[in-house]
Every structure is written in C-alpha cells, then in structure tokens.
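Take a look at the structure set out below.
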Amino acid sequence: MLITLLFSIWFAGSVLSSSSLPSLPPLSLANFAPPIRQQIQEAYDVFRSNPQDAASNGRLGMLLHAYQQNEAAAVCFKRARALDASEVKWLYYLGTVQAALGDHLEAVLTLREAVQRNPDFVPAQLRLAESMLAAARTDESQQIYAVVLQKHPEAPLPHYGMGRVKSARGEPVAA
C-alpha cells in the first residue's frame with residue numbers, strides 16, 4: 001500500500017505539473033503508525049479523486065502539517081490557494097508551514113497578505129508577528145502585537161510576544 005501511495009503521489013504530481021499547480025512531492029509514510037497512514041491515505045484518495053478541489057488539497061495539507069510533513073503540506077496549501085484564492089485560511093496555513101520550515105521572510109509575505117485580506121483574523125496577526133520577530137523585524141512585530149493587545153488585552157499570546165520582542169532587543173527587565 002505504501003508503494004502504491006508513493007507512486008500515486010508521484011504520478012498525480014507529474015500529471016499536474018503541466019498546469020500552473022505545483023506537484024506534490026513523494027511522501028514517506030513508512031515511519032508512521034498504521035492509523036496515521038490510513039488517515040493520510042484516505043485524505044490522499046479524496047484529493048486524487050478531484051485534484052482541482054481546494055478543500056481536498058487543503059485537508060491533505062492540514063493532515064500533513066499535523067504530522068510534521070511541512071514541505072508536502074506547503075505544496076498542498078499552495079495548490080489550495082491557487083484553486084481558491086478567495087479563501088484566507090489557505091494563506092494562513094501556508095504561512096504557518098513556511099514559518100515551521102524556517103522560511104520566515106516568505107511566511108511574512110504570505111501572512112501579511114492574509115492579514116490584509118482579513119484584518120480581524122487574530123491568529124494570522126499573531127503568526128505574522130512571530131515570523132517578523134524570527135526575521136529580526138522587531139519594530140514591525142511589536143506594532144502587530146500592540147494592535148492585538150489593544151483589541152484583546154486579556155489574551156496571553158500578544159503579551160508573551162511583546163516580552164519576546166523586548167528580550168530580542170536586549171531589554172530583559174522590560175521583558
């Protein structure tokens with residue numbers, strides 16, 4: 001079954017490579033427990049039945065991200081974004097995996113677009129601030145955390161983020 005899955009993913013990716021959609025990379029699922037492999041296989045089967053469906057691409061991406069298959073998840077989210085450009089969550093998920101992969105500059109661009117499209121999407125704002133901090137853009141990170149704190153002073157994550165910004169600036173007492 002694993003060989004079939006690997007071949008199917010490669011084949012589907014090679015067929016779609018002629019379009020503007022990125023190809024899915026081969027997945028290595030041998031180290032996963034059987035229930036996880038089955039879960040991913042089911043999501044992949046749904047994707048394979050309709051590779052032009054943003055939701056099936058996104059669902060597969062969410063599963064892959066949950067199991068730290070971030071490179072493949074990023075491809076799924078790029079595909080979902082290309083198939084349904086109006087859905088902000090694909091930008092958010094893509095930015096999240098870009099950050100997990102350590103590509104914070106790319107994550108900043110992606111998450112900034114998500115926040116521009118939906119300025120009230122607090123999880124995207126927080127991820128954007130985290131990526132800006134990781135990219136050593138402390139002033140911008142602080143500004144975003146401050147905006148979130150103004151609207152949600154009870155929320156712990158922006159307070160924590162502000163402390164991280166102060167620490168990054170060498171202000172341990174303020175942190």
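Leaving ligands, DNA and RNA out of it, report the carbon-plus-sulfur percent of the accessible area of the chain at a 1.4 Å probe. Its accessible area is 56 percent carbon and sulfur atoms.
Within segment 100-175, the percentage of alpha carbon pairs spaced more than 14 angstrom apart rounds to 57%. Here segment 76-120 is treated as a Stokes sphere of Kirkwood radius computed over C-alpha pairs; at 25 °C and 0.890 mPa s its diffusion coefficient rounds to 241 µm²/s. Each Lys and Arg adds +1 at its Cβ and each Asp and Glu adds -1 at its Cβ; summed about the Cα centre, the chain shows a dipole of about 60 debye. Summary of the geometry: segment 115-163 and segment 23-80, compared by the centres of their Cα atoms, lie 29 Å apart.
The alpha-carbon positions of the chain define a convex hull whose volume is 124 Å³ per residue. Glu42 exposes around 100 Å² of accessible area when a 1.4 Å probe is run over every protein chain in place.
The values are calculated or read from the model by the stated rules, or taken from the named source; none is laboratory data. Values in this document were obtained by computation on a predicted structure and should not be read as measured data. A quick note on method: Cβ atoms are made from the backbone with ideal geometry, for glycine too, and the neighbour counts reach across all protein chains shown. Side chains included, ligands, DNA and RNA excluded: accessible areas come from the protein's heavy atoms. Shrake-Rupley method; radii C 1.70, N 1.55, O 1.52, S 1.80 Å.
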